[in-house]
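Peer 1: Can you read through this structure? Questions will come right after.
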Amino acid sequence: MIAQQPGQVLAREIFGPLGGILEIGAVSATGTWSVAEASVGDLVERHRADVDRLLDLIRETGRFSSESMAIGEQLGWLRDHQVTAPSLLLWSGNIQEISPRIEELEEPRIVRRMCRMGAGPSTDVLPAGSCHRRSGPGAGDRSGRGESR
């Protein structure tokens, strides 16, 4: 086993959830809540400037070396890959009210719910209108008016 530097371990802990956010964003961007139509590669390319800024912030904040930053690419989260319903289930943290039949996880209403749960407070990174934030203090659009579910 190859020993990892502390920065590389931390980078993996950051790039894993970032991959989940990108998968959720890719599914949300379909407008159909279909995992089969999701393309992480397309999402990353459409938002390349934002992704690059985010990666720059990650590098700066974590004081990561080039080797640590390369982990994001090595894990495959920043390029096109198949998004699966079980992966969304993992990122959503949802463990209740889910059918034991795995094929039911791909039903649009279930996919939509998993995306909303997985996005949580991260909905600002998703395409506009793909997930709605809860209303209340600090929630909603940037004008402070809030959005309803």
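Peer 1: Full-extension gain between residue 65 and residue 80, please, as 0.36 nm times their residue separation minus the C-alpha to C-alpha distance. Mind dumping the intermediate values first?
Peer 2: Working: separation 15, 0.36 × 15 = 5.40 nm, distance 2.42 nm.
Between residue 65 and residue 80, full extension yields 3.0 nm more.
Peer 1: So, one more: With N residues in segment 15-105, what two-decimal value do you get for its Cα radius of gyration over 2.2 N^0.38 Å? If you can, show how the numbers build up before the last one.
Peer 2: Values: Rg = 14.5 Å, N = 91, 2.2 N^0.38 = 12.2 Å.
That works out to 1.19 for segment 15-105.
Peer 1: Could you please report the charge total around residue 26, scoring K, R as +1 and D, E as -1 over all other residues with beta-carbon less than 13 angstrom from its beta-carbon?
Peer 2: Working: positive: 46, 79; negative: 23, 37, 42, 45, 80.
Cβ neighbours under 13 Å give a net charge of -3.
Peer 1: Which order do the peptides 20-26, 62-68 take when ranked by the mean count of other beta-carbon atoms within 10 Å per residue, highest first?
Peer 2: Numbers: 20-26: 24.6, 62-68: 14.4.
Final packing ranking: 20-26, 62-68.
Values quoted throughout were computed directly from the atomic coordinates according to the rules given, and no laboratory measurement underlies them. Source: prediction; values computed, not measured. Here Cβ is always computed from backbone atoms with ideal geometry, including for glycine, and neighbour counts include all displayed protein chains.
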